[in-house]
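S.K.: Please read through the structure below; I'll follow up with questions.
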Amino acid sequence: MKSAQENEFSRSRSRSNRLDVCSPIETGKFVVLGGCKWLAICLFFTVISISAQEALRNSVAGENASSSRSQQMQSQNYTFKDGDFRMLLTPSLGMDWNDNVNLSETNVMSDYIVKPAVGIIASYPFTQRNLLYIDVTAGYDRYLEHPNLSTFDLNSSSGTGLSFDVGIKDVTINLHDWLSYVQDSAQNGTVANTATYGTFQNTAGLSTTWDLNQVTLSAGYDHQNILSTTAQYDNISHAAEMFFARAGFQVHPKATVGLEATAALTTYNQNVLNNNDAYTLGAYTELRPSEFLKITARGGFSTYQFQNTSTTNSQNLVPIQTANQNSWYASLNLSHQPRKSINYSLEAGHEIQLGTQSDLVEDWYVRPTITWNIIKDLTFNTGMFYEHGNQGVGNVSGNLGNNGTFDWYGGTLNVSHPLTSRLDLILNYRLTFRSSGSPNDSYTQNLVGLQLTYHPK
């Protein structure tokens, strides 16, 4: 018989009305959080920027993180337990070979990278609805042939970081602080000819959800700081104030429709790119035809208002000027598990976001993924990604280099196998292409890696 605490988390998960891609997958002798591993791989291809769409993504990521927390709370895995407090430690050691660490078409550098890391998930439920939760992975990337590129990593597999849920009757308040420190130039389709692009990102704020049965109201605020990890990209360092509001209406037991709005007020540390205010207004729908299928569609209007604060261009001392832009955004997310051994997802859409070399980037993207468990003791995660972008949207004068249209695409393969009841061997492969209208801004990169991960029974 379930405890009151377990029942509350089950109700919370049911209210979220989503298919959690981080659900446990049986693989013979042990259980793997296959979706979470795949989510971590997909995060390599997340463009780290701030925009009105980013404010929307943050709000959606918060909902997904809440579902991941409830999933983890139902798991029995832990390294240490004292009363209701639980902590799960997952140390790992990886070795990668990267044939083009500097994303160059001509002056190619390869390297071997040793990657020790430890994942920490800790939780303490003060009451049935008041939960303190921590999810963070800290590691170090040691480049053997180019030690000057060595760097620390800090991220979260579920996007949670530090979180505290407070429940008051029909209202749930979430306080959070998300940390990320990543240096991987291939994570951003707008970047080429560098091995040192990366950011430190801290997002702290709160969100409130009021569940009125067939109507759900939510709103939130985040303060975000993004700092470049190297002086070469100091122009992207900035702070932003982000707001969102959403109203969802359950028009059918398997369908929800709603309206949502966001605002993002961005201020750069340097006067290279222009400070701006960005807003979105749109609608969304969530369909759940069955327990194993979920479809979410979003779309709406976006606008960027630039304040012409750019006074210098690091290359030619000409200020960047960008006209105010009115545009649109759209996205489609599909998650389906047709059988226990297979699940897949599809993400596609159009957006305008802030750039690294220009004020704005417009792009189309599609990212399909499939998880296979068709062979005993082997879990296959396969995926592709494609992004077509245009840098310098609305530019009047003064953009930095590496502009014009680009195509950024590739694929990933992840295979995991249990060596023992507590030790997994994981093979990773990532292939990335970039083609560009700008001279010498195209590249091909292959990354192959092995990783040993220790986990409790």
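Readers should treat all values here as calculations from the given coordinates under stated rules, not as data from a laboratory. All figures in this text were calculated on a predicted structure; none of them were measured in a lab. For neighbour counting, all protein chains shown are included, and Cβ atoms are generated from backbone atoms with ideal geometry for every residue, glycine included.
S.K.: Could you work out the mean projected area of the convex hull around the alpha carbons of the range 277-362, in square nanometres to one decimal? Could the numbers behind the result be given before it?
M.R.: Numbers: hull surface 31.2 nm².
So the mean shadow area of the Cα hull is 7.8 nm².
S.K.: Among Glu241, Glu387, what is the fewest-to-most ranking by other Cβ atoms within 10 Å?
M.R.: Working: Glu241 16, Glu387 20.
Ranking Glu241, Glu387 by Cβ neighbours within 10 Å, fewest first, gives Glu241, Glu387.
S.K.: Follow-up. Quick one: of Lys294/Lys340; Lys254/Lys294; Lys169/Lys254, which pairs are farther than 21 Å apart, Cα to Cα?
M.R.: Result: Lys169/Lys254 exceed 21 Å.
S.K.: Could I ask something else about it? How long are the semi-axes of the ellipsoid equivalent to the range 318-436, from square roots of 5 times the Cα gyration tensor eigenvalues, in whole Å, largest first?
M.R.: Details: eigenvalues 307, 56, 20 Å².
Largest first, the range 318-436 gives 39, 17, 10 Å.
S.K.: Stretched out fully, how many nm does the piece from Thr208 to Trp97 gain, at 0.36 nm a residue minus the Cα gap?
M.R.: 35.5 nm
S.K.: Something else now. Treating only the Cβ of Lys, Arg, Asp and Glu as charged (+1, +1, -1, -1), what charge dipole size does the range 228-298 show about its Cα centre? Round to the nearest 20 debye. Walk me through the intermediate numbers first.
M.R.: Numbers: 5 positive and 6 negative charges, 78 e Å.
The calculated dipole for the range 228-298 is roughly 380 debye.
S.K.: Under unit Cβ charges (Lys, Arg +1; Asp, Glu -1), what dipole magnitude, rounded to 20 debye, does the range 132-257 have relative to its Cα centre?
M.R.: 340
S.K.: Still on this structure, I have one more. Expressed as a rounded percentage, what relative contact order does the range 158-287 have, with Cα pairs under 8 Å and six or more residues apart? It would help to have the intermediate numbers written out before the result.
M.R.: Values: 305 pairs, mean separation 20.9, N = 130.
So the answer I get is 16 percent.
S.K.: Right, here's the next one. Under a crude label model (7 Å from the Cα following the beta-carbon direction), how far is Leu431 from Lys254 in nanometres?
M.R.: Distance between label points: 3.8 nm.
S.K.: Among residues other than Leu144 whose Cβ falls under 15 Å from its Cβ, what is the net charge (Lys/Arg +1, Asp/Glu -1)? Let's see the in-between values first.
M.R.: Details: positive: Lys115, Arg142; negative: Asp96, Asp99, Asp111, Asp141, Glu145.
Local charge sum for Leu144: -3.
S.K.: Further question on the same structure: Please work out how much length the chain gains when fully extended from Thr420 to Val166, using 0.36 nm per residue of separation minus the C-alpha to C-alpha distance, in nm with one decimal.
M.R.: Difference between extended and current length: 87.5 nm.
S.K.: Another one. If we sort 251-261, 353-363 on the protection proxy, mean other Cβ atoms within 10 Å, highest first, what's the order?
M.R.: Values: 251-261: 15.4, 353-363: 24.3.
Output ranking for 251-261, 353-363: 353-363, 251-261.
S.K.: Please tell me the relative contact order of the range 292-393 in percent, rounded to the nearest whole number, where contacts are Cα pairs under 8 Å and at least six residues apart. Intermediate values should be presented prior to the final figure.
M.R.: Values: 212 pairs, mean separation 21.9, N = 102.
So the answer I get is 21 percent.
S.K.: On full extension of the chain, what length is gained from Met109 through Asp234, given 0.36 nm per residue of separation minus the C-alpha to C-alpha distance?
M.R.: Going from the current span to full extension adds 42.6 nm.
S.K.: Ok, one more. Please compute the Kirkwood hydrodynamic radius of the range 228-308 from all pairs of different C-alpha atoms, in Å with one decimal.
M.R.: Numbers: mean 1/r = 0.0655 Å⁻¹.
The Cα-based Kirkwood calculation yields 15.3 Å.
S.K.: Going by a ≥ b ≥ c, the root eigenvalues of the Cα gyration tensor, does the range 187-322 fall in the rounded group (a/c under 1.5), the prolate group (a/b larger than b/c) or the oblate group?
M.R.: On the way: a/c = 2.58, a/b = 2.18, b/c = 1.18.
Cα axes put the range 187-322 in the prolate bin.
S.K.: Moving on to the next point. As I understand it, the dipole of the range 332-410 uses +1 on the Cβ of Lys and Arg and -1 on the Cβ of Asp and Glu, about the Cα centre. Which of Tyr365, Leu354, Asn343 lies farthest toward its positive end?
M.R.: Looking along the dipole axis, the top candidate is Asn343.
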